[in-house]
Amino acid sequence: MRSRWAALVLVFLVAAGCQRQSSARISAEAPATDLVAAARGAMASRDWLAAASLFRQAVTKTPDDVALHYDLAICASYLDLRDEAAREFQWVLAHAAAGSEEVQVARRWLADAGGVAASPATTEQAAPPVDPNDPKGGDATVRGIVRWAEPGQKADQPLNRKLLHLVGLKNTPTQGLRYNVRSDENGRYEFTNIVAGPYKLTDAIAGEAMWRLKITVPKAQETAVDLDTQNSAKVRDDFPERGPS
């Protein structure tokens, strides 16, 4: 009996390997339009890993397409592939139309990345990043729990390692300030040493966001903001224009 199961497992693994090789071969030989359609479908489903792989293939076929480099940069940013995201956003800065949304998002991401080398144009126009751990940065705190319910789940579940951004708003005392933090294994997050004032609380600097909330942080106080399906961007979107704050 054991030898029979071993044989079945071996057959399954060989078949799966053949299927993967066939799929990869079809993807590599597919027309650029098919690759782009598949990539954007994966992107819409938030399957960043699959989308990034497809966009890379599409870029090799049409290397001068700004939209492809931009979409690849967004996927790479969601996957925390900082070097690749920086490289693609820098390409967008160099080739996209000045003042376009792609250029604005690329410039903001590169400024927010801080330690990632940026092009001279980005460095000149970007606000200096603020270290959230700098005790001189501020005296306020923003904390809460991140929860989400995927299709089929009856209740929101904690999201661990979720990257969140607190972004200062234009024409306010917080303009140019950025804070980043990840939720812990229980979905809890905490921004510390925050300068008081208005902010956008979001989970995405570029691309589709699950949350886009405007909050006001009072001086020397703690602000509690839980993030879940009840205040998601589909229910409450305080920045519907999706442009720079």
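Values in this text are rule-based calculations from the coordinates and carry no lab data. Everything quoted here is computed from the prediction, not taken from an experiment. Every residue, glycine among them, receives a Cβ derived from its backbone with ideal geometry; neighbour counts consider all protein chains shown.
Taking 0.36 nm per residue of separation and subtracting the Cα-Cα distance, what length does fully extending Arg46 through Lys61 add?
On the way: separation 15, 0.36 × 15 = 5.40 nm, distance 2.34 nm.
Here the answer is 3.1 nm.
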Fewest-first ranking of Phe239, Phe55, using other Cβ atoms within 10 Å as the exposure measure: Phe239, Phe55
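Please express the shape of region 54-98 as an equivalent ellipsoid: the semi-axes are the square roots of 5 times the eigenvalues of the C-alpha gyration tensor, given largest first in whole angstrom.
15, 13, 7
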Lysines whose Cα lies under 17 Å from that of Lys162, excluding same-chain neighbours fewer than 8 positions away: Lys200
Approximate spin-label separation Ala97-Ala37, in nm, with each point projected 7 Å along Cα-to-Cβ: 2.6
Cα→Cβ-extended label distance, 7 Å offset, between Arg236 and Thr216, nm: 1.5
Under 5 Å, built H, 5+ apart or other chain: amide partners of Asn193: Ala140
Shape box of region 31-125 [Cα atoms, principal axes, largest first, Å]: 39, 25, 19
